[in-house]
Amino acid sequence: GGLLDTNLIEGAEGARTSGISFVFNFDNRDNIFSPVKGNYLVFKAGFSSRSFGATYSYNSYLIDLRKYFLIGKKFTLASQIYSKFNFGEVPFQSKAWYGGAELGRGYFKGRYMENCYLLLQLEFRYRVLNRLYINGFANFGDVAELPRKLFQYPKFSYGGGLRFKLSKKSPTLIRMDLG
């Protein structure tokens, strides 16, 4: 009885994506799970086509740029610019989903879905004790049908949390955020 039952949404009856993608990835972070310094860059271009057996033909472009700064001995600044742009007949399963634990914290994953997505996130981390950290974050972004319509209704959230280092020898952290 919901929106998907109207069959007006591409992918409501199911979707199969099949095509080819090209990915460029650069990663020089000091740790992939809990980085303190370094860069992470991803550029991806994907092409789903009926020629490859897909139910919908569309193009998808993703850019994920992250930079981590160690400031002194106890402060880390993490920054991220994330974008996803889809063009063509995009089923809802492949649309850009705003929100979740990684992108757009403070909103439920998929709270907003559309073809285009642009997000800026900043996180400030402070080591209180050897294995205990506190953090604050803010993000600003939007989803829209077309790139030119981004930020007509921007979404902003902020919050904070705790990080706990499981082992003195491993930089892996357990995190809890409230946004």
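The values are calculated or read from the model by the stated rules, or taken from the named source; none is laboratory data. The model shown is predicted, which means the values in this text are computed figures rather than measured ones. FYI the Cβ positions are ideal-geometry reconstructions off the backbone, even for glycines, and counts take in every protein chain you see. Surface accessibility is based on the protein's heavy atoms, side chains included, excluding ligands, DNA and RNA. Shrake-Rupley method; radii C 1.70, N 1.55, O 1.52, S 1.80 Å.
From the list Ser60, Ser51, pick out the single residue that is open to solvent by less than 40 Å² (accessible area, probe 1.4 Å) and either outside any loop (DSSP other than H, G, I, E, B) or closer than 20 Å to Leu119 by Cβ (or both). Please lay out each step first, then the result.
Details: Ser51 fails: open to solvent by less than 40 Å² (accessible area, probe 1.4 Å).
The unique qualifying residue is Ser60.
Name the residues in region 66-80 that are open to solvent by 60 Å² or more (accessible area, probe 1.4 Å), farther than 12 Å from Gly38 by Cβ, part of a strand (DSSP E or B) and not aromatic (Phe, Trp, Tyr), would you?
Correct list: Ile71 only.
If you take the residues in region 88-113 that are buried (at least 20 other Cβ atoms within 10 Å of the Cβ) and more than 14 Å from the chain's Cα centre (by Cα), which one is farthest from Ile9 (Cα to Cα)?
Val90
Can we say Val90 is among the aliphatic types (A, V, I, L, M) and assigned to a loop (DSSP other than H, G, I, E, B)? Explain how you work it out, then say what you get.
Details: among the aliphatic types (A, V, I, L, M): yes; assigned to a loop (DSSP other than H, G, I, E, B): yes.
So Val90 fits the description; yes.
Residues in region 2-20: is at least one in contact with a Gly (Cβ under 8 Å, 6 or more places away or on another chain), modelled with pLDDT of 95 or more, within 25 Å of Lys95 (Cα to Cα) and in a strand (DSSP E or B)? Talk me through it step by step, then tell me what you get.
Filtering region 2-20 for residues in contact with a Gly (Cβ under 8 Å, 6 or more places away or on another chain) gives 16, 18-20.
Next, only the ones that are modelled with pLDDT of 95 or more stay: 20.
Still in the list and also within 25 Å of Lys95 (Cα to Cα): 20.
Restricting the remaining residues to those that are in a strand (DSSP E or B) gives 20.
Looking through region 2-20, at least one residue is in contact with a Gly (Cβ under 8 Å, 6 or more places away or on another chain), modelled with pLDDT of 95 or more, within 25 Å of Lys95 (Cα to Cα) and in a strand (DSSP E or B).
State the number of residues belonging to region 128-161 that are assigned to a strand (DSSP E or B), open to solvent by less than 80 Å² (accessible area, probe 1.4 Å) and not β-branched (Val, Ile, Thr). Don't jump to the end; show me each part of the working.
At the first step, the residues of region 128-161 found to be assigned to a strand (DSSP E or B) are 132-144, 155-161.
Still in the running and open to solvent by less than 80 Å² (accessible area, probe 1.4 Å): 132-139, 141-144, 155, 157, 159-161.
From what's left, not β-branched (Val, Ile, Thr): 132-133, 135-139, 141-142, 144, 155, 157, 159-161.
Number satisfying all stated conditions: 15.
Could you list, in sequence order, the residues of region 28-54 that are of a type outside the set (Val, Ile, Thr) and over 17 Å from Leu77 (Cα atoms)?
Filtering region 28-54 down to residues of a type outside the set (Val, Ile, Thr) leaves 28-31, 33-35, 37-41, 43-54.
If the condition is that a residue be of a type outside the set (Val, Ile, Thr) and over 17 Å from Leu77 (Cα atoms), then Phe43, Lys44, Ala45, Gly46, Phe47, Ser48, Ser49, Arg50, Ser51, Phe52, Gly53, Ala54 are the ones that fit.
Note down all Cβ pairs under 7 Å where the first residue falls in region 76-90 and is touching a residue at least 40 places away in the same chain (Cβ under 8 Å) and under 18 Å from Asn115 (Cβ atoms), the second is open to solvent by 50 Å² or more (accessible area, probe 1.4 Å) and not in a strand (DSSP E or B), and they're at least six residues apart or on different chains.
Phe85/Pro147; Glu89/Glu10; Val90/Glu10
Residues to consider are Gly2, Gly19, Gly11; find the one that is touching a residue at least 24 places away in the same chain (Cβ under 8 Å), open to solvent by less than 70 Å² (accessible area, probe 1.4 Å) and more than 29 Å from Phe140 (Cα to Cα). If you could, list the steps in order and put the result at the bottom.
Values: Gly2 fails: touching a residue at least 24 places away in the same chain (Cβ under 8 Å); Gly11 fails: more than 29 Å from Phe140 (Cα to Cα).
Just one listed residue meets the conditions, Gly19.
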